[in-house]
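Heads up: the structure comes next, in structure tokens.
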Amino acid sequence: MADGRFYLTTPIYYVNADPHIGHAYTTIMADIIARHHRQLGEDVFFLTGTDEHGAKIATSAEREGRTPREQADMLSARFRALGGVLDATNDFFIRTTDAEHEAEVQSVLSALHDSGDIYKGSYGGWYCAASEAFYPEPELLPGRLCPVHKTPVEWVEEENWFFRLSAYRERLLAHYDANPGWVLPQARFNEARRMIELGLEDLSVSRAQVEWGVPVPWDPEQTIYVWIDALLNYRTALGYARPGEDMVERYWPPDLQLMAKDILKFHAVIWPAMLMAAGLELPRRLMIHGYVLKGGEKMSKTTGNVVDPFPFIERYGIDALRYYLAREVRFGEDGTFTAEGFDARYSGELANELGNLLNRVVSMIGRYRGGVVPADPGGDADVAADVAAAAEGCAANFAALDLSRGVEDVWRLVQRLNRLVEQRAPWTLAKDPARAGELDQTLFSLAEGLRAAAIMLWPVIPGSAERILASLGQDPAATALAGAAWGAGAAEATVSLADQLFPRVEEEAA
Ligand code: MSP
């Protein structure tokens, strides 16, 4: 962003079940974006965490014979561990059971109560616990099933505290009209705007029958509706993520909030209205990505078609999963996860194109030039131009949140470098001492092009990119995007081959 800082969030994940590839997807995309902004030199704050209150968690805990707190502790730890395995560089991991978060949620709610935005009323409606949401009758599937989970809804009726959501209709519409790109992609913007236009009902923001939650400060018989508690995490985290430092001033509002389309209404309708009511600035952009599908359906615990990311990562390495998801699932659209597709991209692209290129470049420099990259003789303006075009294309696509295209831009450069090896045939040049200059040029261009590609790919495959840089004798920490400029690397570096990048993965023993 223009002001040099970038605050980015993922949804906070429910602790009712183990994380799956769908959750990993959002965290990985967020991490790619966070790393990209860091390599542009921005002051990034990247937040993720877990959503731990409400009936959904309490019920799942009961089913497992645990207390809600035991369940939350255990599953939150699994999500946190997943972040580590994904190489996610989140700056904080929030839990909605953090005492600091709970206290701040209460104080925001009290302020809304004091300003007259919250009143007492009674409500009856069809409730889906898996969504933690009421659905109007016409939205239900035949047989009174939740439109998202396809499971039966139940009639819930009670006296609750209500937020005057309906009063924000005009202001929300005005915000949409004044900020055309604030929800991406456009179809989701239109969808959210339509929900507002069709009219908004006031929102019940407390529960009389749910014990596992944050008490309503002025009516402790009730707990705060879990979505209100959860949405506020984006704000409360800044107050205590770094002890002794209040980061609200530095990072609010979020520059980008990521999520899938299942929670569009909460983020694009309710959340901005809450912020307006609290007198807080709205996020600058919401990016609504598609679903990772498995067998034609959204991967989800409820559907039961989940893929456990941990064994995959153990087998192929985390960068393979990051790369696969970034390329396979066009950001903003649905994409299908298949083991075959994964394997094909792993061996066809990562191993054969990128891994092999590194091998060849390093071993040719070893064989023909004693392991030292020749100084640039200055004759490969077209390769230099291709590197510049890849860097520009990649940065432009990342800025437009078209991550898949951004990776494709760099991949074309990788393929171009592979072709360069074939066209120049260094093994032939090496036989003719009169062509030593050409050989120097070729080896320099290959090493330089690959170094630049590694920097551009760093947000997507960080560990592998760092290994490529180290193999090329470059500082693996030199990942700033400006360093992808032609000739910006350390000159006459000494190359060395570490372990194989993306080694062949043996078929699993039956
Ligand atoms: N706890 C709420 C969010 C509160 S945010 C204030 C919630 N949690 S969740 O565990 O169900 O996670 C939902 C998010 O996980 C989705 O919005 C999406 O980011 C990610 N995904 C879960 N399954 C997914 C797919 N199959 N595909 C893509 N993203 C998926 O909703």
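The values are calculated or read from the model by the stated rules, or taken from the named source; none is laboratory data. Bear in mind the structure is a predicted one, so any value in this text is a computation, not a measurement. Here the Cβ is made from the backbone with ideal geometry for all residues, glycine too, and neighbour counts use every protein chain on show. The accessibility values were calculated without ligands, DNA or RNA, using every heavy atom of the protein model including side chains. Shrake-Rupley method; radii C 1.70, N 1.55, O 1.52, S 1.80 Å.
Using every Cα-Cα pair within the stretch 244-354, state what percent have a distance larger than 16 Å.
70
Pairing rule first: another cysteine's C-beta must sit under 4.7 Å. Under that rule, which cysteines of the chain stay single?
That list is C394.
Dipole of the chain (Lys/Arg Cβ +1, Asp/Glu Cβ -1, origin at the Cα centre): which of A480, L8, L354 lies farthest to the positive side?
With unit charges placed on the Cβ atoms, the residue in question is L354.
Roughly how many Å² is the accessible area per residue of the stretch 351-409, as a whole number, for a 1.4 Å probe?
38
Compute the projected area of the convex hull of the Cα atoms of the stretch 107-154, averaged over all viewing directions, and report it in nm² to one decimal place.
Its average projected convex-hull area is 4.4 nm².
Please compute the contact order of the stretch 339-484 in relative form: average sequence separation of alpha-carbon pairs under 8 Å and at least six residues apart, divided by the residue count, as a percent.
So the answer I get is 26 percent.
So how many Å³ per residue does the convex hull of the Cα atoms of the stretch 423-471 work out to?
Looking at the stretch 423-471, the number lands at 76 Å³ per residue.
Explain nothing, just the number: dipole magnitude of the chain about its Cα centre with +1 on each Lys and Arg Cβ and -1 on each Asp and Glu Cβ, in debye rounded to the nearest 20.
About 1080 debye.
Once the Cα atoms of helix 436-457 and of the chain are each reduced to a long axis, what angle between those two axes, in degrees from 0 to 90 to the nearest 10, is obtained?
It is inclined by approximately 10 degrees.
Kindly count the pairs of lysines across the chain whose alpha carbons are less than 20 Å apart, treating pairs on different chains or eight or more residues apart as eligible.
Qualifying lysine pairs in the chain: 14.
Under the definition of Cα pairs under 8 Å and six or more residues apart, what whole-number percent is the relative contact order of the chain?
So the answer I get is 15 percent.
Could you work out how far the C-alpha centroid of the stretch 230-280 sits from that of the stretch 102-148, in angstrom?
19
Could you grab the relative contact order for the stretch 1-90? Cα pairs under 8 Å, six or more apart, rounded to a whole percent.
Once divided by the residue count of the stretch 1-90, the mean separation gives 41 percent.
Calculate the length of the line joining the C-alpha centroid of the stretch 382-440 to that of the stretch 1-58, in whole Å.
33
What is the antiparallel percent of DSSP beta bridges lying wholly in the chain, to the nearest 5?
Around 55 percent of the beta bridges assigned by DSSP in the chain are antiparallel ones.
Only residues of the stretch 365-389 count here: report those whose backbone N is under 12 Å from the spot 7 Å along Cα→Cβ of D432, or say none.
Correct set: none at all.
Just want the answer: with Cβ charges of +1 for Lys and Arg and -1 for Asp and Glu, which residue in F312, A277, S300 is farthest toward the dipole's positive end in the stretch 271-321?
A277
If you put +1 on each Lys and Arg Cβ and -1 on each Asp and Glu Cβ, how big is the dipole of the stretch 339-484 around its Cα centre, in Debye rounded to 20?
Dipole magnitude for the stretch 339-484 comes out near 420 debye.
Could the peptides 61-72, 93-104, 6-17 be put in order, highest first, of the mean number of other beta-carbon atoms found within 10 Å of their residues?
6-17, 93-104, 61-72
Radius of gyration and Dmax for the stretch 78-222's Cα atoms, expressed in Å?
In Å, with Rg to one decimal and Dmax whole: 18.2, 47.
Considering the Cα trace of the chain, what is its radius of gyration and what is Dmax, both in angstroms?
Rg then Dmax for the chain, in Å: 25.9, 90.
For the stretch 192-259, what Kirkwood radius comes out of the mean inverse Cα-Cα distance, in Å?
Every distinct Cα pair counted, the radius reaches 14.7 Å.
Using only alpha carbon positions, build the gyration tensor of the stretch 290-364, then give the equivalent ellipsoid semi-axes as the square roots of 5 times its eigenvalues, largest first, whole angstrom.
In descending order the semi-axes read 28, 13, 9 Å.
As I understand it, the value is the acute angle between the Cα axis of helix 169-178 and the longest principal axis of the Cα atoms of the chain; what does it come to in degrees, rounded to 10?
Roughly 20 degrees, rounded to the nearest 10.
How big is the stretch 339-484 by Rg and Dmax over its Cα atoms, in Å?
In Å, with Rg to one decimal and Dmax whole: 15.2, 50.
With n ≥ 4 as the cut-off for DSSP H runs, can you work out [θ] at 222 nm for the chain, using -39500 (n - 2.57) per run divided by the number of residues, rounded to the nearest 500?
-14000 deg cm²/dmol
How big is the stretch 171-309 on each of its three principal axes, counting only the C-alpha atoms and giving the largest first in Å?
Principal axes ranked by extent give 46, 39, 37 Å for the Cα atoms.
For the stretch 76-177, with the dipole built from +1 on Lys and Arg beta-carbon atoms and -1 on Asp and Glu ones, taken about the Cα centre, which of F93, C128, L165 lies farthest toward the positive end?
C128
Quick check on packing: order 323-331, 138-146 by the mean number of other C-beta atoms within 10 Å, highest mean leading.
323-331, 138-146
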